1. Just to be sure before I move on: is B:D147 charged (D, E, K, R), open to solvent by 60 Å² or more (accessible area, probe 1.4 Å) and farther than 14 Å from B:K238 by Cβ in the structure I sent?
2. Go through segment A:59-88 and report how many residues are on the phi > 0 side of the Ramachandran plot and either part of a helix (DSSP H, G or I) or in contact with a strand residue (DSSP E or B) (Cβ under 9 Å, 6 or more places away or on another chain) (or both).
3. Might you let me know whether segment B:29-41 holds any residue that is over 20 Å from B:L186 (Cα atoms), of a type in the set (A, V, I, L, M), within 20 Å of the chain's Cα centre (by Cα) and assigned to a helix (DSSP H, G or I)?
4. For the subset of segment B:156-182 comprising residues that are small (G, A, S) and either in a loop (DSSP other than H, G, I, E, B) or open to solvent by less than 10 Å² (accessible area, probe 1.4 Å) (or both), which member is farthest from B:T140 (Cα to Cα)?
5. On the basis of being in a loop (DSSP other than H, G, I, E, B), hydrophobic (A, V, I, L, M, F, W, C) and within 16 Å of B:L12 (Cα to Cα), does A:V178 make the cut?
6. Kindly indicate which of A:Q23, A:Q10 is exposed (fewer than 14 other Cβ atoms within 10 Å of the Cβ), of a type in the set (S, T, N, Q) and not assigned by TED's automatic domain parsing to the domain that holds A:A168.
7. Search segment B:186-224 for residues being within 10 Å of another protein chain (Cβ to nearest Cβ) and among the aromatic types (F, W, Y), and hand back the single one that is nearest to the chain's Cα centre (by Cα).
8. Identify, from the list B:Q92, B:Q106, B:Q38, the residue that is out of contact with any Asp or Glu (no Cβ under 9 Å at 6 or more places or on another chain) and closer than 24 Å to A:G210 by Cβ.
Amino acid sequence: MKVTLKVWRQKNKSTPGEFKAYQTPELNGNMSFLEMLDVVNEGLANKGEEPIAFDHDCREGICGTCSLVIDGKPHGPHQGIATCQTYMRSFEDGDEIYVEPFRAAPFEIIKDLVCDRKSFDRIQQAGGFITVRTGAAPDANSIPVPKDNSDLAMDAAQCIGCGACVAACKNASAMLFVAAKVSHLGLLPQGQPERFKRVKAMVDQMDKEGFGSCSVTGSCEAVCPKSITLDFIAMMNRDYAVALLKGDPKPIAGGGA
Amino acid sequence: MKIIDRLFNSSLGKKYLMAISGLALFGFIVGHLVGNLQVFGPPELINGYAHFLKSKPALVWGARLGLLAMVAIHIVTAVRLTMENKAARPVQYAKWKENGASKSSQYMIVSGSVILAFIIYHLAHFTVLLPFVNGEGDFTKLTTVFDGHQVADVYAMMVIGFQVWWVTLFYLIAQGLLFWHLFHGLSSMFQSLGLRSYSWWPVITKATKAVSIGIFIGYSIIPLAIFLRIVGSDYAEKARHQLHAETVQVVGSGKEAGK
């Protein structure tokens, strides 16, 4: 099979980009979308042209590095699957496929299809962790966790932070990502001490990065490669409201030490 | 106070404002519908209700100011959110799919704008009674006697007002868009306030959709029934004489109402 690609080419942050059409060589239907791009790049390199830059790492759907909006849907045509596990057999011979980077103001395009997702790291650093002393692993079951909560926390923890939710949202909102990170820890006993501090810090950072707001269109959950649901956004909304009502803690002289 | 700052300036805070002001406006929509459905009763029913409201200026003005504040919050916050959302995606995609987003969820600002235009028209039509917007004449001339008082003949205004085809058409379009707005907005209210869980969400979406259909039917049958001359066409004929009379006088139906 052969397909025609319309790929967004952009030299760097400051140069405006444009679409360029590429005819692929003969492809195997069992190639992943990224392998197809590798083949196209090999051809470009042989011709002395600049290869198409795209993000990839584990290629087994777990690292969250691959991106791409393929024909108007982040991560390609399937549900619950990342670009790296989208195979060429999902397309027809002779298809024209648009390949675009994730587009959002906080996801600045570095080159071609590669965008800067450090804003997600900064949101995580603002509160997406629990403060515990490291050391030997604690005894299993020393802290009881209800099975329902651990299942739900695992659903949220599946988020690989790829940014497809932002790419799909008409408002470029990062709420599904932030909600997954907030709820993941908020559902577990270990996350309780910092639960309300965390949600405020992460939402504040999310706003600072310049993401849009949630209009409950549901396109984020439709494209999420880990099928994270809007339920978690509601959970975050509830936690944030409680956090606002609780107010900020009283400042303690000397830091309370 | 951080809470005030966060309520008005954080993304989640603004969604709370949208939800809470939307809930208040929805409360008005239900109350207003119940009030207006009285047009299906005898003329004295809705005229008496209107007179009751007019006789409680503190109540009416309190509600009006409260509603105005809610409308202001709803609109200002919607505009701010829309501007921020646009800024968050400066470059659009060349090829785009809706990816599961419903049409009503994508065009809330559009349906909301038409509803705002309708509210302004509706106020000019039946509250301020501007003569040139109703296609008939000066509605302030329509009076009747209720309980020994000379009162505004609201029933006549309605049955005459909705006999004008373009007025009825505009009302129906606006109700259609209100339905569309509520179809997405009512369930989103629960989402924005965090009142949602896995088990409740299907119930919430179904119930809110049913309610928005109910609101649409309730509001649409009023102008439709009048336009199709099912309700109050005889009364409208009588009242029309009063409307086009040189001097204001009480018509026969008003005397009946006074008994």
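The values are calculated or read from the model by the stated rules, or taken from the named source; none is laboratory data. What you are looking at is a predicted structure, and each value in this text was computed from that prediction instead of being measured. Cβ coordinates were reconstructed from backbone atoms using ideal geometry, including for glycine residues, and neighbour counts include every protein chain displayed. Each accessible area value is taken on the protein alone, full model and side chains, heavy atoms only, with ligands, DNA and RNA left out. Shrake-Rupley method; radii C 1.70, N 1.55, O 1.52, S 1.80 Å.
1. Spelling it out, B:D147 is indeed charged (D, E, K, R), open to solvent by 60 Å² or more (accessible area, probe 1.4 Å) and farther than 14 Å from B:K238 by Cβ.
2. Within segment A:59-88, residues that are on the phi > 0 side of the Ramachandran plot and either part of a helix (DSSP H, G or I) or in contact with a strand residue (DSSP E or B) (Cβ under 9 Å, 6 or more places away or on another chain) (or both) number 6.
3. Yes: segment B:29-41 contains one or more residues that are over 20 Å from B:L186 (Cα atoms), of a type in the set (A, V, I, L, M), within 20 Å of the chain's Cα centre (by Cα) and assigned to a helix (DSSP H, G or I).
4. By that ranking, first place goes to B:A174.
5. no
6. Values: A:Q10 fails: exposed (fewer than 14 other Cβ atoms within 10 Å of the Cβ).
Residue meeting the stated conditions: A:Q23.
7. The extreme case among them is B:F190.
8. Working: B:Q106 fails: out of contact with any Asp or Glu (no Cβ under 9 Å at 6 or more places or on another chain); B:Q38 fails: closer than 24 Å to A:G210 by Cβ.
One residue alone meets the criteria, B:Q92.
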